[in-house]
Amino acid sequence: MHPDDPSDQKLTTARAATPPANRASTERTIGRHRAPEPPRRGARALLTSTPLRVALATGVTCCLGVAAYAGVRDDTVQRDEPLTQAVADRAALANERASRSLERTASPTPVSPSPTASPSPTATKKKPAPKKPAKPRRPKPVAGLTQAQMDNAKVIVDVGRDLDLPKRGMIIAVATAMQESTLLNYASGVLPESQNYPHQAIGWDHDSVGLFQQRPSSGWGTVEELMRPAFAARAFYLALLKVPGWQDMSLTLAAQTVQVSAFPDAYAQHEERATTVVDALT
């Protein structure tokens, strides 16, 4: 509505005729616009003060800082609690292990065994390991024999002992072997099989083999058997024992009766040396 409008003017005149109860209210309601209110020094004015704003900002900042510190501290305490508990648990475990170690290492009180108590395995002395049987000493050669000849002579004497023959029978056997093979274990060139067994020389007198030159073809034994000095000596002794009165015979006659040699008188020359050998071995 325009200020020059007659209706507006009438309204204004009418309102003016009514006496206002409050001057200030009248001034605020005059016209279309509100009259400016006088400034008030209340709470709003205080809030707009610059020093107060600074103080409030500082206080708020301090409160936030305290709250943040309290939150961080509380979080730190909460996180440190598991760590503290873990350290305490480890310390307790270490103490328990130390206690167990002391219990294990504690030396027990020695207890004297009763007379009837069986000895403990640790207290029993270990039995020494059985010694290996010593190798038989090889006889010292005598009467000009080599070690190999002396070893063969010992075999002949040992077999005679096993058969309980008198020394005279051993002398006859050693003298016979001296003549037949010079106390060496002969193989035969005629019997190639004989060379498959231990031997010390090779002869060519028919199929004669061994210390006593016994022939397999004559029934003395197999080639393998006659190539063993102990078997050959036993075969000779058994044949000698079958000769009636051999103990009263001359060495030559007794040996020839067993061997049936082409040279019957050759045995006598070895009697003295054979006696020396048998004496050394008995």
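A few comments on the model shown:
- Restricting segment 247-268 to residues that are free of Cβ contacts under 8 Å to residues at least 12 places away in the same chain and not in a loop (DSSP other than H, G, I, E, B), the residue that is most open to solvent (accessible area, probe 1.4 Å): Asp248
- Selection from segment 217-227 of residues that are within 20 Å of Val155 (Cβ to Cβ) and in a helix (DSSP H, G or I): Val223, Glu224, Glu225, Leu226
- Flag if Thr275 is in a helix (DSSP H, G or I), within 25 Å of Pro139 (Cβ to Cβ) and over 58 Å from the mean Cα position of the chain (by Cα): yes
- Within segment 143-181, being assigned to a loop (DSSP other than H, G, I, E, B) and charged (D, E, K, R) holds for one residue alone: Asp164.
- Residue check, Gln213 closer than 20 Å to Lys154 by Cβ, touching a residue at least 12 places away in the same chain (Cβ under 8 Å) and open to solvent by 50 Å² or more (accessible area, probe 1.4 Å): no
- Ala239 being under 23 Å from Ala143 (Cβ atoms), in contact (Cβ under 8 Å) with a residue 12 or more places away in the chain and aliphatic (A, V, I, L, M): no
- Residue in segment 108-115 that is out of contact with any strand residue (DSSP E or B) (no Cβ under 8 Å at 6 or more places or on another chain), among the polar types (S, T, N, Q) and modelled with pLDDT of 75 or more present: no
- Meets criteria (at pLDDT 95 or above and within 13 Å of Asn152 (Cα to Cα)) for Asn185: yes
- Subset tally (residues that are part of a helix (DSSP H, G or I) and open to solvent by 20 Å² or more (accessible area, probe 1.4 Å)) for segment 182-200: 4
The values are calculated or read from the model by the stated rules, or taken from the named source; none is laboratory data. None of the values given here were measured: they were computed from a predicted structure. Glycine also receives a Cβ, built like all others from the backbone with ideal geometry; neighbour counts cover every protein chain displayed. These accessible areas exclude ligands, DNA and RNA; they are computed on the full protein's heavy atoms, side chains included. Shrake-Rupley method; radii C 1.70, N 1.55, O 1.52, S 1.80 Å.
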